[in-house]
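Take a look at the structure below.
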Amino acid sequence: MDIQLLYGKKELSVNLPEHINVQVINKYPMPVLSDGDRAVRDAFENPIQSPSLSSLARGKKSACILVCDITRPVPNGLILPPLVNTLLAEGIDRENILILVATGLHRPNEGEELRELIGSDEIFNTIPIENHFARDRKAHVDLGFTSQGIPVGIDRRFIDADLRIVTGLVEPHFMAGYSGGRKVVAPGVAYQDTILKFHTAKILEHQSSENCILDGNPLHQAQLEIIRAIGDIYAVNVVIDEKRRLGLVTFGAIESSHLEAVDFLINYAEIDIARKFKTVVTSAGGYPLDKTYYQTVKGMVGPMSILEPGGTIIIASECSEGMGSPEFISAQNMLCKYGSERFMDILKGRSEALIDEWQTEMLLKPLRHGSVELFTTNLTEEQLAQTYVKHASSLEEAITASVLRQGNNDIAVIPEGPYVIPHFRLN
């Protein structure tokens with residue numbers, strides 16, 4: 001049997017022996033919008049709990065539009081032209097419209113990568129575009145503390161704008177429940193101390209800091225408190241299917257427009273599965289999410305609910321940019337040096353996290369359930385040693401060996417990786 005996994009910008013074909021029984025887990029079929037451009041314009045004209053975009057822009061002197069960084073496949077080329085043109089039509093000068101890349105603590109997006117991210121040459125060539133730099137203390141405004149004692153620092157360019165707009169993709173997120181909306185603000189344009197405080201082990205080890213959970217999620221709660229401290233923010237949220245086609249676009253007040261998109265996606269991305277598997281094959285979601293091993297961890301966490309204790313997750317990720325940030329590599333090296341138990345003891349003793357070590361912490365979650373094997377074509381031997389998981393030189397061989405070792409021919413395959421979350425639920 002042939003299976004297809006998202007891998008880089010293409011699909012990876014895997015040919016399996018006939019004796020292996022495959023259950024493919026995809027999103028439930030999602031209706032797609034026949035006219036995306038019209039859908040975006042309709043959302044601006046028929047917002048959720050807010051005036052229309054044109055009414056919001058009328059009389060304003062400046063606007064700041066947040067866009068996700070290159071790790072998210074947001075269809076900015078569809079969203080930004082009508083958004084910017086509406087602001088221009090209502091009298092906001094071009095030089096007073098800023099598109100701000102919400103990098104969080106990720107690297108900046110520049111050059112041709114930035115052009116790709118924006119998705120429209122007209123916007124790229126005519127509208128100011130800048131990156132957020134979380135480590136620049138003076139570039140942020142202090143807004144007090146959350147109820148959990150998290151300091152709130154937000155990019156001054158966003159705070160000072162007359163009109164604040166967020167754009168984002170709503171998808172399952174392995175810490176915050178769902179991405180999009182409030183998450184584009186924090187960590188998107190938050191100061192590093194804000195980000196480091198809400199990525200501590202105390203928060204991430206909470207039972208509700210998981211995929212598809214908002215109620216009781218301490219990270220989500222902190223994000224809501226942060227956007228409420230800022231004041232009026234409006235959001236464009238999109239949902240896409242496995243072929244990156246537009247299924248829904250919402251616009252309006254940031255909380256309500258985000259929740260409407262979440263309520264829509266729940267029907268397609270959360271899949272009930274009535275059994276567990278000893279072998280689960282998945283991907284890191286393909287390009288752009290699988291550019292680094294850092295982002296690959298999301299694909300390992302996603303299928304935990306359907307993994308039998310002691311089972312094996314086999315994941316394919318291109319890792320075209322290697323491991324990730326120097327800080328993440330440092331955390332991986334610390335894990336390799338001390339082992340998982342000592343590593344977690346260190347993290348639990350911190351009052352704030354170190355940059356990017358939280359991803360190494362999340363890696364340990366599936367490893368507590370079973371083992372993980374990584375198939376990639378772009379990591380060196382030294383880098384593979386830093387992954388803390390086994391390297392699979394062949395997907396076919398790794399799957400066949402796992403089936404034999406586990407004594408069970410049934411496997412689950414999740415081609416879209418972390419964009420689909422299976423839940424073990426008995427009927």
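The values are calculated or read from the model by the stated rules, or taken from the named source; none is laboratory data. As the structure is a prediction and not an experimental result, all values here were calculated from the model. As a convention, Cβ positions derive from the backbone with ideal geometry for all residues, glycine included, and neighbour counts pool all protein chains shown.
Summed over the stretch 281-291, residues that are farther than 15 Å from Lys365 by Cβ and either of a type in the set (Val, Ile, Thr) or not in a helix (DSSP H, G or I) (or both) total 7.
Checking each residue in the stretch 292-343 for being among the charged types (D, E, K, R) and assigned to a loop (DSSP other than H, G, I, E, B) picks out Glu318, Glu321. On inspection, Gly349 fails the criterion of being surrounded by fewer than 18 Cβ atoms within 10 Å (Cβ to Cβ), in the same structural domain as Lys291 (by TED's automatic domain parsing), without any contact (Cβ under 8 Å) to a residue 60 or more places away in the chain and under 25 Å from Ala398 (Cα atoms).
Here the condition is being out of contact with any Ser or Thr (no Cβ under 7 Å at 6 or more places or on another chain) and hydrophobic (A, V, I, L, M, F, W, C); of Ala353, Ala331, Ala269, it holds for Ala269 alone. Tell me, yes or no, whether the stretch 38-57 has at least one residue that is of a type in the set (A, V, I, L, M, F, W, C) and in a loop (DSSP other than H, G, I, E, B). Scanning the stretch 38-57 turns up no residue that is of a type in the set (A, V, I, L, M, F, W, C) and in a loop (DSSP other than H, G, I, E, B). Looking only at the stretch 365-376, decide whether some residue is free of Cβ contacts under 8 Å to residues at least 40 places away in the same chain, out of contact with any Phe, Trp or Tyr (no Cβ under 7 Å at 6 or more places or on another chain), in a helix (DSSP H, G or I) and within 30 Å of Leu219 (Cα to Cα). There is at least one residue in the stretch 365-376 that is free of Cβ contacts under 8 Å to residues at least 40 places away in the same chain, out of contact with any Phe, Trp or Tyr (no Cβ under 7 Å at 6 or more places or on another chain), in a helix (DSSP H, G or I) and within 30 Å of Leu219 (Cα to Cα).
Yes/no matrix, rows are residues, columns are (1) at pLDDT 95 or above; (2) under 21 Å from Gly36 (Cα atoms); (3) touching a helix residue (DSSP H, G or I) at 6+ places or on another chain (Cβ under 9 Å); (4) surrounded by fewer than 23 Cβ atoms within 10 Å (Cβ to Cβ):
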site: Ile159; (1), (2), (3), (4): yes, no, yes, yes
site: Val170; (1), (2), (3), (4): yes, yes, yes, no
site: Asp215; (1), (2), (3), (4): yes, no, no, yes
site: Asn237; (1), (2), (3), (4): yes, yes, yes, no
site: Asn267; (1), (2), (3), (4): yes, yes, no, yes
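In the set (1) out of contact with any strand residue (DSSP E or B) (no Cβ under 9 Å at 6 or more places or on another chain); (2) within 30 Å of Phe198 (Cα to Cα); (3) part of a helix (DSSP H, G or I); (4) hydrophobic (A, V, I, L, M, F, W, C), Leu354 fails one condition alone, (3).
A count restricted to the stretch 130-154 and to residues that are more than 18 Å from Arg107 (Cα to Cα), in contact with a strand residue (DSSP E or B) (Cβ under 8 Å, 6 or more places away or on another chain) and assigned to a loop (DSSP other than H, G, I, E, B) stands at 1.
With respect to the conditions (1) of a type in the set (D, E, K, R); (2) surrounded by fewer than 23 Cβ atoms within 10 Å (Cβ to Cβ); (3) touching a strand residue (DSSP E or B) at 6+ places or on another chain (Cβ under 9 Å), Glu321 falls short on a single one, namely (3).
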